[in-house]
Every structure is written in structure tokens, then in C-alpha cells.
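For reference, the structure discussed in these notes is given below.
The values are calculated or read from the model by the stated rules, or taken from the named source; none is laboratory data. Every value quoted in this text rests on a predicted model; they were computed, and no experiment measured them. Here the Cβ positions follow ideal geometry from the backbone for every residue, glycine too, while neighbour counts run over all protein chains shown.
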2 protein chains.
Amino acid sequence: MNTPILPTRRYRGSAIEARQAQRRQQLVDAASEVYGRNGYRHSSVKQVCDAAGLTQRYFYESFSHSDELLIACYEQAATALREEITSAAERAGPDRLERGRAMLLAYYQALKARPLIANLLLVEIRGISPAVDQAIIRALQEMNRDLTRVVARPDQQPDELLHAGVMGGVIHIALHWMASGYRQPTEVVANTAFKLSAAMQRD
Amino acid sequence: MNTPILPTRRYRGSAIEARQAQRRQQLVDAASEVYGRNGYRHSSVKQVCDAAGLTQRYFYESFSHSDELLIACYEQAATALREEITSAAERAGPDRLERGRAMLLAYYQALKARPLIANLLLVEIRGISPAVDQAIIRALQEMNRDLTRVVARPDQQPDELLHAGVMGGVIHIALHWMASGYRQPTEVVANTAFKLSAAMQRD
DNA sequence: CTGAACTGACAATCTGTATTGCCAAATCAT
DNA sequence: ATGATTTGGCAATACAGATTGTCAGTTCAG
């Protein structure tokens, strides 16, 4: 009988899983760039693969649809952003209002620092497919939960609709700011959003 | 020499311009329906023409790209919505706060009454093309102007960013409400948005 | 009634992209 | 060194939709 097939053979120093993971990550990073710049629906598989320095074949190794890649990009960016924001909140001390202000500032700072990611997260993402919409909804819910935990008054029921409204306001302020080429200083933008979020502090 | 060509000949009782305008309107109405239901990018020229009861040939008679048709749909819907809202504001009397409340109520009532139009206006529209984005920006600016005229305090400079934020909040409240299948009563929704817009009443 | 404009249906073409298949060069294990 | 695996490039195929073209039947004007 034959010896069983050895599925792992090292190549350029790393095992098959590592190589695949590496290629997948290359694709995600390149696609974040390309999608952020041209928009998802004006980008092709080939463009992404070229930008990643990989052949189209490797796209299908890691993803079955472009959707999947888009979702991977979105989730990577959203997770990173969320971590920045929550860590800024923790650094800001115990006061609820101060934490909220710090979160907003960190949010807008991050969007300004990486405009292409901002574009991907806020503009080039909506209405692609049900699966992508689900990913967006999940991400917004998570941010909403952070927001509630950190900023909302603990003595009252969170108002789901109102929170949606505040998040929408924060996002649209960002969109308006981005469309203007980041005209206003980041602090002014964060402060405007802070005024809006004051609606959560009343009944 | 020949007699000059007579460009108009009546057909089924109407002149060429009237027939063309009629067909164009048929296309816009059918497309509003189709785009609202399936989304713009999941709709084809053929689908729209079938729904309009016209041949594809007539699409190219009135529009050179699908973009143009989408923009026509959007602007027709946005204009109608805007008229409903401003007329509701006028009916509400002179008080600024009352007018604002009436506008919001009219807004959400209209979205609930015509869900497909709501979908077209708020969901299936973003990030299609630069031209469409321009149309959206124009429409939002017009609503913003209405809002400023009717609701904002006349004794202070309008804060552009803050207005963008309030509009974004109003829209996201609508999106959240629509996604829930219009769960909450319209009055509750309008009232939530009203709380948010209170940010415009302070400095 | 007759020829010209108009309409409606559909075929033909064009274009862009996803997806699969193939092969030569590079890299590995032994 | 040698054969097997892996990689990269690219060709072949498949497909969907837009756009243009054709043509027979309908409606009009005089």
C-alpha cells in the first residue's frame, strides 16, 4: 500500500497553511486599498490580484465570491477602528462624558489618518449584497453596544432608535467632513458630534 | 428644392414630444418601482422596459445611461417628498418647533406610505456613480436649506456640520425603522428624531 | 388607397468580467 | 540530480448585460 500523502511541504520556508494565510492577507490588504480608492463595484478581481502581486488563481483559493473578500476587508477595518476607539475611551478615565468625547475624537482622527479605509467603511460599502449588509449591521450593532456601555446613562433603558439616530449623525458628520476634504479641524468635528450625542443624555 | 421635413406628426392623438414625454414618464415610474424593489444594481434595462411596457429601444430614446434614469427617479421622488414636507410645515403654523415636528412627522409618514420609494431614496442609491452622488448631495442640500429656513434659530449662523449630523440622524432613524418593518408607531419615530434635532436649538 | 412615419418584437453585436484550464519555470525533498 | 509540488502567467471559456440593427405590422396624412 502507498504511504499516505503528506499534505504539508515547506516552500520558501513556510508551510502550506502559512503560505495560504499570507496570500489571503495580501489580498485583503490590497483589496482594502483598491476598494477604498475605486469603490467595490468599480474594481475587478484582476485589479485586486495585481495590486496584491498575486495571480487570479489565488483569489479563488481563499474566497469564492468577491463579496467574501469585501466582507473580510470591512471586518478587518471595523475591528481595528473599534479597538482604537475603545482603547481611547479607557485612557480617558472614568467620567462618562469624557469617555464619549474621547471616543468621538479617536473616531474622527482614525478616519482622517486613513482616508481610503474611511471611504471603504462609510461610502463604498452599502447595498452590495445581503451578506455585506449583514456584516454592516453586525458592525454597527457592536459599535452601538460599545457606545451604550461607555456613554449612555446607566439609569435608563437604552432607546434603540435614538442610538441609531446618534450613530447616523456621527457617520454623516464624517461623510460631510470627508467630502469637504477634511476642511474643519478634527477637534471641531468631534465637538459637533458630541453636541449631537447629547440627545442621549436627556430623556 | 424639397419641402422641409415636418418633424411632428400626430400619432394616437398626440404629437411626437408628448409621446416621448409620456414614454419617458412611463420609464421613470416603472424604474422607481423596479429599483426600489430589487435595487438599482440588480436591475437591468430590460427589466425596467418590461415593467414600463416598452421596448429597450425607447430607453435609449430618453436616456443615454442607466445612471440618467436613476437620477430622474431619485429627483422625482425627492422633489415630491420635499413638497409634502414643506407643505406640512406651512400647515403647522408659525411656531418653529411645531413646524419642525410637523416636518419630521410628514417625512416618516411618507416613507411608511411608500416603502419602495423610501428604499430607493435612502438605501439603493449610494455609491452608484459620481453623477448620482452629486444628485444626492444636491437633494440633501435642498432639504438642509428647508430645514434651516423652517427650524433653525434665526439669531445664529447655521452650523453646516451639525445640520449634516441631524439630517444623518433623521435618515438613520428611518433606516433602522424600515429595517424593523416599521415596527414603532410613526409618532414615536418622529418624536425620537425631534429629540435629536434639539441639538440645533442650543449653541 | 398609398406611401411614409411610427411602433414593437427580437436578433446580432459588443464589451467587460468572472471562472477555469494549461503549461513552463521555480522550488523543494531525497 | 531528479521527480514531484508549487507558483506565476496567461489563454480559453462562459456569461450577462448593454447597445445597435433589422423588419414586419400599424397608424397616419392627404
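Within the range A:178-194, the set of residues being buried (at least 22 other Cβ atoms within 10 Å of the Cβ) and more than 21 Å from the chain's Cα centre (by Cα) comprises A:Thr192 only. Residues considered: A:Ala135, A:Ala164. Of these, the only one that is closer than 22 Å to B:Leu120 by Cα and either within 12 Å of another protein chain (Cβ to nearest Cβ) or of a type in the set (Phe, Trp, Tyr) (or both) is A:Ala164.
Among what's in the range B:132-148 and is touching a residue at least 60 places away in the same chain (Cβ under 8 Å) and not small (Gly, Ala, Ser), pick the residue that is surrounded by the fewest Cβ atoms within 10 Å (Cβ to Cβ).
B:Glu142
For the range B:86-96, check the following and say yes or no: at least one residue is away from DNA strand D (no atom under 16 Å from the Cβ) and surrounded by 21 or more Cβ atoms within 10 Å (Cβ to Cβ). Yes, the conditions are met somewhere in the range B:86-96.
A:Arg10 meets all of the listed conditions (1) surrounded by fewer than 16 Cβ atoms within 10 Å (Cβ to Cβ); (2) over 30 Å from A:Ala110 (Cα atoms); (3) in contact (Cβ under 8 Å) with a residue 12 or more places away in the chain but one, namely (3). Taken over the range A:178-193, the residue count meeting the criterion of being at negative phi and more than 7 Å from chain B (Cβ to nearest Cβ) is 10.
Which members of the range B:40-50 meet the condition of being within 14 Å of chain A (Cβ to nearest Cβ) and more than 9 Å from DNA strand D (Cβ to nearest atom)?
Those that are within 14 Å of chain A (Cβ to nearest Cβ) and more than 9 Å from DNA strand D (Cβ to nearest atom): B:Tyr40, B:Arg41.
In the set (1) in contact with an Asp or Glu (Cβ under 6 Å, 6 or more places away or on another chain); (2) in the same structural domain as B:Lys195 (by TED's automatic domain parsing), the condition left unmet by B:Arg82 is number (1).
When each of B:Tyr60, B:Tyr107 is tested for being within 16 Å of B:Leu140 (Cβ to Cβ) and not aliphatic (A, V, I, L, M), the lone residue that passes is B:Tyr107.
If the condition is being among the aliphatic types (A, V, I, L, M) and at positive phi, then the range A:35-93 contributes no residue at all.
Quick grid of which residues meet (1) part of a helix (DSSP H, G or I); (2) more than 21 Å from A:Arg126 (Cβ to Cβ):
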| position | (1), (2) |
| --- | --- |
| B:Thr8 | no, yes |
| B:Ala21 | yes, yes |
| B:Gln26 | yes, yes |
| B:Arg37 | yes, no |
| B:Arg41 | yes, no |
| B:Gln47 | yes, yes |
| B:Leu54 | no, yes |
| B:Glu61 | yes, yes |
| B:Leu70 | yes, no |
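Here A:Ser197 does not fit the description of being within 12 Å of chain B (Cβ to nearest Cβ), of a type in the set (Ser, Thr, Tyr) and surrounded by fewer than 22 Cβ atoms within 10 Å (Cβ to Cβ). Just so you know, in the range A:51-83 the residues that are buried (at least 19 other Cβ atoms within 10 Å of the Cβ) and within 14 Å of chain B (Cβ to nearest Cβ) include one that is nearest to DNA strand D (Cβ to nearest atom), and it is A:Ser66. Any residue at all in the range B:21-34 that's more than 10 Å from DNA strand D (Cβ to nearest atom), within 30 Å of B:Tyr107 (Cβ to Cβ), among the basic types (Lys, Arg) and at pLDDT 95 or above? Within the range B:21-34, one or more residues are more than 10 Å from DNA strand D (Cβ to nearest atom), within 30 Å of B:Tyr107 (Cβ to Cβ), among the basic types (Lys, Arg) and at pLDDT 95 or above. In the range B:149-164, of all residues being closer than 13 Å to B:Gln201 by Cβ and at pLDDT 85 or above, the one that is surrounded by the fewest Cβ atoms within 10 Å (Cβ to Cβ) corresponds to B:Pro158. Evaluating B:Asp146 against the criteria (1) assigned to a helix (DSSP H, G or I); (2) more than 13 Å from every other protein chain (Cβ to nearest Cβ); (3) at pLDDT 90 or above leaves one unmet condition, (3). Examine the range B:184-195 for a residue that is touching a residue at least 12 places away in the same chain (Cβ under 8 Å), assigned by TED's automatic domain parsing to the domain that holds B:Thr79 and not in a helix (DSSP H, G or I), and state whether such a residue exists. No, every residue in the range B:184-195 fails to be touching a residue at least 12 places away in the same chain (Cβ under 8 Å), assigned by TED's automatic domain parsing to the domain that holds B:Thr79 and not in a helix (DSSP H, G or I).
So, B:Ser32, is that one within 14 Å of another protein chain (Cβ to nearest Cβ) and either more than 14 Å from DNA strand C (Cβ to nearest atom) or more than 24 Å from A:Arg126 (Cβ to Cβ) (or both) or not? When the stated conditions are applied, B:Ser32 does not pass them. State which residue is nearest to A:Met178 (Cα to Cα) when the search covers only the range A:103-131 and only residues that are part of a helix (DSSP H, G or I) and within 12 Å of another protein chain (Cβ to nearest Cβ). Within the range A:103-131, the match that is nearest to A:Met178 (Cα to Cα) is A:Asn119. For the condition surrounded by 14 or more Cβ atoms within 10 Å (Cβ to Cβ), more than 12 Å from chain A (Cβ to nearest Cβ) and assigned to a helix (DSSP H, G or I), B:Leu175 does not qualify.
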